[in-house]
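Undergrad: Dropping a structure here in structure tokens format, bear with me for questions.
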Amino acid sequence: QVQLVESGGGLVQAGGSLRLSCAASGISFRLNAMGWYRQAPGKQRELVATISIGGSTDYVDSVKGRFTISRDNAKNTVYLQMNSLKPEDTAVYYCYPPLLGGDYWGKGTLVTVSS
């Protein structure tokens with residue numbers, strides 16, 4: 001059974017930093033690209049960062065230069081380091097393998113950035 005458990009969210013002032021973690025189980029973690037998504041109130045979920053099996057990364061323009069995605073295959077965990085946070089980064093953040101079918105979304109972790 002696929003399980004994705006996100007953690008590390010919280011309330012932070014604009015300009016601050018947070019590090020999100022996502023522990024995955026039930027999948028061959030090292031054989032899956034991983035992604036971080038976010039869903040702000042009243043908006044659709046969007047993909048903000050991906051990391052390939054080989055470690056290549058990609059980001060949506062709005063977070064480039066501020067967010068860094070990384071992975072630890074030994075721990076089956078993907079991370080999202082978020083710096084210079086802005087109020088518009090406020091959202092529930094989820095991790096998910098972009099190429100995995102099905103519906104195994106976790107509960108996410110809430111990030112709130114105050115101005």
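The values are calculated or read from the model by the stated rules, or taken from the named source; none is laboratory data. All values derive from a computational prediction rather than experimental measurement. In this analysis, Cβ positions are derived from the backbone assuming ideal geometry, glycine residues included, and neighbour counts consider all displayed protein chains. In case anyone asks, the SASA skips ligands and DNA or RNA and just uses the protein heavy atoms, side chains included. Shrake-Rupley method; radii C 1.70, N 1.55, O 1.52, S 1.80 Å.
Undergrad: Tell me the per residue accessible area of the chain using a 1.4 Å probe; a whole number in Å² is fine. Could the numbers behind the result be given before it?
TA: Numbers: 6090 Å² over 115 residues.
Accessible area per residue, the chain: 53 Å².
Undergrad: Where does the chain land on Rg(C-alpha)/(2.2 N^0.38 Å)? The partial results should precede the final answer.
TA: Details: Rg = 13.2 Å, N = 115, 2.2 N^0.38 = 13.4 Å.
Expressed relative to 2.2 N^0.38 Å, the Cα Rg reads 0.99.
Undergrad: Another question, then. Which FRET efficiency, nearest 0.05, do V2 and D72 yield, Cβ-Cβ r, R0 22 Å? Provide the component values of the computation, followed by the final result.
TA: Working: r = 18 Å, r/R0 = 0.83.
It comes out at approximately 0.75.
Undergrad: Starting from the Cα of K64, draw a straight line to each of the lysines and keep only those under 24 Å, dropping any in the same chain fewer than 8 residues away.
TA: Correct list for K64: K43, K86.
Undergrad: Simple spin-label model, 7 Å along Cα-to-Cβ: K86 to A40 in nm?
TA: For the pair K86/A40, the computed spacing is 0.9 nm.
Undergrad: To continue, here is another question. In whole angstrom, note down how far apart the Cα centers of the range 55-115 and the range 1-29 are.
TA: 7
Undergrad: To the nearest 20 debye, what charge dipole does the chain have about its Cα centre, counting +1 at the Cβ of each Lys and Arg and -1 at the Cβ of each Asp and Glu? Numbers along the way, then the final one.
TA: On the way: 11 positive and 8 negative charges, 29 e Å.
For the chain, the charge dipole is close to 140 debye.
Undergrad: Sorted by accessible area with a 1.4 angstrom probe, largest first, how do I69, I53 fall? Mind dumping the intermediate values first?
TA: Numbers: I69 5, I53 95 Å².
From most exposed to least exposed: I53, I69.
Undergrad: Which distance in nm do the two modelled labels at T57 and D103 give, with both placed 7 Å along the Cα-to-Cβ direction?
TA: Once both label points are built, they end up 3.2 nm from each other.
Undergrad: At a Cα cut-off below 20 Å, give the aspartates and glutamates reachable from K107, other chains included and same-chain residues fewer than 8 away excluded.
TA: Answer for K107, where 20 Å is the Cα cut-off: E6, E46, D89, listed by chain and number.
Undergrad: For R19 and S115 in one chain, what is 0.36 nm times their gap in residues minus the Cα-Cα distance, to one decimal in nm?
TA: Values: separation 96, 0.36 × 96 = 34.56 nm, distance 1.90 nm.
My answer for the length gained is 32.7 nm.
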